[in-house]
Amino acid sequence: MMVVLLIISVLILIAIPNVTKHSATIDDKGCEAFVKMVQGQVEAYRIDLKAVPSLSDLTDNDYLYEGETTCPNGTEINIDAAGLVTEVVPG
């Protein structure tokens, strides 16, 4: 019984750091995908209304849901004057 508990404990100690590392990678990939999705909504807005939108324009006109203005990991996004969507790097 003690040997089984020891083996399970070792497996858990190996697995936890690996899961944490992959979680950060998943958040980064999710943010990249979110930026591309918002860029698509910016282009749809530009085609429909012939103007470069802000984030509030996208939410007000139902191109994005109200709570969809940040990446899944909490990183803010920005739309510049040319309509390019980027992540806001803290610092």
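Each reported figure results from applying straightforward, stated rules to the coordinates on display, with no laboratory input. Just so it is clear, the model here is predicted, and its values are computed rather than measured. Quick reminder, even Gly has a Cβ in these numbers, built from the backbone with ideal geometry, and neighbours come from all protein chains shown.
Leu6 to Met37: FRET efficiency via 1/(1 + (r/R0)^6), r the Cβ-Cβ distance, R0 41 Å, to the nearest 0.05?
Values: r = 47 Å, r/R0 = 1.13.
E between Leu6 and Met37, to the nearest 0.05, is 0.30.
In straight Cα distance, which lysines are under 24 Å from Lys50, not counting same-chain residues fewer than 8 positions off?
Lys36
Stokes-Einstein diffusion coefficient for the chain at 25 °C in a medium of 0.890 mPa s, Rh from the Kirkwood formula over Cα pairs: what value in µm²/s?
Values: Rh = 15.6 Å.
It comes out at roughly 158 µm²/s.
Springs between alpha-carbon atoms under 10 Å, Gaussian network over the chain: tell me which of Val52, Val42, Val19 tops the mean-square fluctuations.
Val19
Under a straight-distance cross-link criterion of Cα-Cα below 18 Å, which aspartates and glutamates are reachable from Lys21, leaving out those fewer than 8 residues away in the same chain?
Straight-line reach from Lys21, under 18 Å: Glu32.
For the chain, take the longest principal axis of its alpha carbons; what is the angle in degrees between that and the long axis of helix 2-49, to the nearest 10 within 0 to 90?
So the helix axis and the longest Cα principal axis differ by about 10 degrees.
Provide the gained length on full extension for the span Asp28 to Ala15, in nm with one decimal, where the gain is 0.36 nm per separating residue minus the Cα-Cα distance. Working shown, then result.
Details: separation 13, 0.36 × 13 = 4.68 nm, distance 2.05 nm.
The span from Asp28 to Ala15 would gain 2.6 nm if fully extended.
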